[in-house]
Amino acid sequence: MLSEANASRNSNNEILHCIQNDKKGNIELLKADFHIHSKYSMDSQNEPEDIVKRCQELGINCVAIADHNAVEGAFKMKEIAPFKVIVAEEVLTHSGEVMGMFLKKHIASGIPLEEAIAKIKEQGGLVSIPHPFAPLRGLRLNEDEMAKLAPQIDIIEVFNARCPYIQPNNKANEFAGEHNLPGTAGSDAHTLGEIGNVFVEMPDFNSPQEFLEALRKAKIEGKYSGLFVHFHSTWAKIQKGF
């Protein structure tokens, strides 16, 4: 269960955010970014090879590649990365986006939320809700509907670096605590420069269940990416004809 969330500002006036789960002990930790996009998303131009290089520069040794409506980039990364890669996908449902993690195959977008969750679980995957309370990008559910959905959720993204301000992440953190759900975090990087803006330090894992257990011993740190990064996504969509 998440215990606290603190925010402060450094000398560059960047918002820093730290979420501490349970004590982790003196063990070797992963440094992970659990929300990165590749060129297989319609609004990113990140080449998998360049993502690997950037992660190595930052000391990131675990990632989730979560493209919009695609898993090709994640499987490509698994082939070439010298570190742990989780195959994920952001699936656009009738109620907003849900992320499947530890997937084995693509899930089509444009389906009901309940169907997307079922298809994730059929693969032995985990159901994660990215930026659940972010304006325009969060789930279009009221508080009662979110509470009813909680038993079907495995993970809540409690820190998304692309959120325009701190409140949506704080609300996600509170929701995770209320429903005893482990929290994860990611830069939501659509450009190489965003990778690692937020990262998770956590014990290693070798299965989805171990991943959930490790998240409860994790520390999340990072900063917000700012509004300008969204222009890069828009430009990528224009260049791709979307």
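Here, each number is a calculation from the coordinates, and none is a lab measurement. Note that the structure is a prediction, hence the values are computed from the model and not measured. Here the Cβ is made from the backbone with ideal geometry for all residues, glycine too, and neighbour counts use every protein chain on show.
A simple rule links phi to the HN-Hα coupling: the Karplus curve 6.51 cos²θ - 1.76 cosθ + 1.60 with θ = phi - 60°, which for the stretch 126-139 gives 10, 9, 10, 9, x, 5, x, 10, 6, x, 6, 10, x, 5 Hz, with x for Gly and Pro. Measuring nothing but alpha carbons in the stretch 72-135 and taking Rh as the Kirkwood radius, the Rg to Rh ratio lands at 1.00.
Taking the Cα of LYS148, stepping 7 Å toward and past its beta carbon, and measuring to each backbone N in the stretch 85-121: which are under 17 Å? Only 94-96, 112-118 fall inside the zone, counting backbone N under 17 Å.
Taking amide H positions as modeled 1.01 Å from N, with prolines and chain starts lacking one, the residues under 5 Å from VAL198 and 5 or more places away or on another chain are SER187, LYS223. For the stretch 140-202, the list of chymotrypsin sites (Phe, Trp or Tyr not before Pro) that fall in a loop by DSSP and count at most 13 other C-beta atoms within 10 angstrom reads TYR165.
Seen from all sides and averaged, what is the projected area of the convex hull of the Cα atoms in the stretch 129-192, in nm²? Reported value for the Cα convex hull: 4.3 nm². Put simply, the stretch 98-242 fits an ellipsoid with semi-axes of 23, 19, 17 Å; these come from the alpha carbon gyration tensor as the roots of five times its eigenvalues, largest first.
Within the straight-line cut-off of under 25 Å between alpha carbons, the lysines reachable from LYS121 are LYS76, LYS78, LYS84, LYS104, LYS105, LYS148, LYS217, sequence neighbours fewer than 8 places apart in one chain being disregarded.
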